[in-house]
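Down below is the structure, laid out as structure tokens.
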Amino acid sequence: MKLSYNTAYPSIEDLRSKAKQRIPKFAFEYLDGGCNEDVNLEKNTRELRNIELKPHYLKPFEKIRLETALFGHIYSAPFGIAPVGLQGLIWPQSPQILAKAAMQANIPFILSTVTTASIEEIAAITEGKCWYQLYHPAEEHITEDIIRRLEVAGIDVLVLLCDVPSFGFRPRDIRNGLAMPPRMTIANMLQIVTRPDWAIQTLVNGIPQFATMKPYMPKGMSMKQLGLFMNRTFSGRLNEEKIDRIRQRWKGKLILKGVATVEDTAIAHRLGVDGIIVSNHGGRQLDAGESSVHSLIPIVEKYKGKLSIMLDSGLRSGPDVARALAAGAEFVFLGRSFMYGVGALGKNGGDHTIGLIKTQLQQIMEQVNCSRIEDLPEHLVKTSLAKL
């Protein structure tokens, strides 16, 4: 397997450092931060990295295969690109860059309702092979129209977000004017001046907008009116009745994202959901909650084989992917790592980050002598789970 990446940036931390130099502080902190005191943000990665793998050095060695079957498709790796809001604010055209990279690499890209590229544009880039994450709107007619647009665009995987019943309390965003309603401060404008590459790219590509939501927005809104519109539109809390209604309406694969308990997994299974993504929204919603991998363990114990169990939040690298798969996740998603890549390397950031993570994952599998992704749980040091 021939993999490639820019050797000047051989780690995700290298990409993060470079991105921090190129992105205005208010945009970088929106990407990089969690909520409240960042306890769960830090805990997500720390507890995942407590998981240990054991090598089987003397067993016969076979060719490493990263291919992974999921929902009737064979992906080239067991990871995809997680949905991130306001991507074009972090780096211009980043959802388009990442969708193209994902398509070329044959991994899934999840488009967020609140990012800066439309359903139609990303569907065209990915030939309908992207996934779509729905922030459940309060108004049913918007939900219905979005589902109609997904069907017309040929998208087959719909991800329902359940872990944002309220907007997370994020002190950095409040200080930087990125809370709702948003505001542009003098400090923000000064930060833009010191990041000329970002400023020029933003000038060329235009001010980022909520592209998917644009048809539903009144024209000529001020920033304050935009904030009130978004607050009102996404005040709808997901519940069993709403999931069941969408399950009956949607003929494709239905995923519930943000599941953190066995109890919610039981509801998802009963309602006929095809899979779940165990997640705590990257540590951006509930600082007092469990890490995502801590939530994963009991869910895998009870529901493995009954529906597809995936994971996001806290994963940054190839070794993190291996740890999560060994702990029982069937597939994983990374968000910040890919945004660091685009922030650091622009249009080359998606390809680089995919190649880097695949290279790291392949090295781990070669080291522990595991030829297939589905065999990674056999290399789990089970006592390491007690450290979570």
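Values in this text are rule-based calculations from the coordinates and carry no lab data. Just so we're clear, the structure is a prediction, and the values are computed from it rather than from any experiment. With ideal geometry, Cβ positions are generated from the backbone for all residues, glycine too; neighbour counts draw on all protein chains shown.
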Open item on the list: For the chain, take the longest principal axis of its alpha carbons; what is the angle in degrees between that and the long axis of helix 196-205, to the nearest 10 within 0 to 90?
Closed with: 70 degrees
- [ ] Take the alpha carbon gyration tensor of the range 193-271, find the square roots of its eigenvalues, order them as a ≥ b ≥ c, and report rounded if a/c is under 1.5; if not, report prolate when a/b exceeds b/c, else oblate.
- [x] prolate
TODO: Please name which of Gly33, Gln360, Ile297 has its Cα lying farthest along the dipole of the range 12-387 towards the positive end, using unit charges on Cβ (Lys, Arg +1; Asp, Glu -1) and the Cα centre as origin.
DONE: Gly33
Open item on the list: Under 10 Å, Cα contacts only: if you run a Gaussian network model on the chain, which one of Val164, Val39, Val152 comes out with the highest mean-square fluctuation?
Closed with: Val152
Task: Residue among Thr383, Met339, Ala288 farthest towards the positive dipole end of the range 12-387, charges placed on Cβ - done: Met339
Open item on the list: What does the net charge come to around Val164 if you take all other residues with beta carbon closer than 13 Å to its beta carbon, with K and R at +1 and D and E at -1?
Closed with: +3
- [ ] Take the alpha-carbon centre of the range 126-168, take the same for the range 65-115, and report the distance between them in whole Å.
- [x] 15 Å
Task: Proxy reagent accessibility, fewest Cβ within 10 Å first, across Ile277, Ile142, Ile110 - done: Ile142, Ile110, Ile277
Open item on the list: I need the peptides 113-119, 380-386 ranked by packing, meaning the mean over residues of other C-beta atoms within 10 angstrom, with the highest value on top.
Closed with: 113-119, 380-386
- [ ] For the range 152-158, take each phi angle, set θ = phi - 60°, evaluate the Karplus expression 6.51 cos²θ - 1.76 cosθ + 1.60, and give the result in whole Hz per residue in order, putting x for glycine and proline.
- [x] 4, 6, x, 7, 10, 10, 10
TODO: Report, in whole Å, the centroid distance computed from the Cα atoms of the range 14-48 and the range 353-388.
DONE: 25 Å
Open item on the list: For the range 84-126, take every pair of Cα atoms, bin their distances at 10 Å starting from 0, and report each bin as a whole percent.
Closed with: 33, 59, 8
TODO: Report the local net charge at Glu67: Lys and Arg +1, Asp and Glu -1, summed over other residues whose C-beta lies under 14 Å from its C-beta.
DONE: 0
TODO: Run the dipole for the range 270-388 about the Cα centre, Lys and Arg Cβ at +1, Asp and Glu Cβ at -1, nothing else charged, and hand back the magnitude in debye, nearest 20.
DONE: 160 debye
Task: Whichever lysines have a C-alpha closer than 19 Å to that of Lys43, once near sequence neighbours (fewer than 8 apart) are set aside - done: Lys387
Task: Residue pairs, from the table Lys54/Lys382; Lys63/Lys129; Lys18/Lys257; Lys253/Lys306; Lys129/Lys257; Lys257/Lys306, whose Cα atoms sit over 21 Å apart - done: Lys63/Lys129; Lys18/Lys257
Open item on the list: Using amide H atoms built in the peptide plane, which far-off residues or other-chain residues are under 5 Å from Leu256 H to H?
Closed with: Leu160, Gly275, Ile276, Ile277
TODO: Determine the shape class of the range 1-139: with a ≥ b ≥ c the square roots of the Cα gyration tensor eigenvalues, call it rounded for a/c under 1.5, and otherwise prolate if a/b is greater than b/c, oblate otherwise.
DONE: oblate
Task: Percent RCO, i.e. relative contact order, over the range 12-387, from Cα pairs under 8 Å lying at least 6 residues apart - done: 29 percent
Open item on the list: As an exercise, identify the GluC sites (Glu not before Pro) in the range 1-47 lying in DSSP coil whose Cβ has no more than 16 other Cβ atoms within 10 Å.
Closed with: Glu37
Open item on the list: Checking the cross-link filter: which aspartates and glutamates have an alpha carbon closer than 14 Å to that of Lys214, excluding same-chain neighbours under 8 positions apart?
Closed with: Glu120, Glu121, Asp145
TODO: Under a 10 Å cutoff between Cα atoms, tell me which one of Pro108, Pro208, Pro92 has the largest fluctuation in the Gaussian network model of the chain.
DONE: Pro208
Task: Test item: Cα-centred dipole of the range 12-387, Lys/Arg +1 and Asp/Glu -1 on Cβ, debye - done: 560 debye
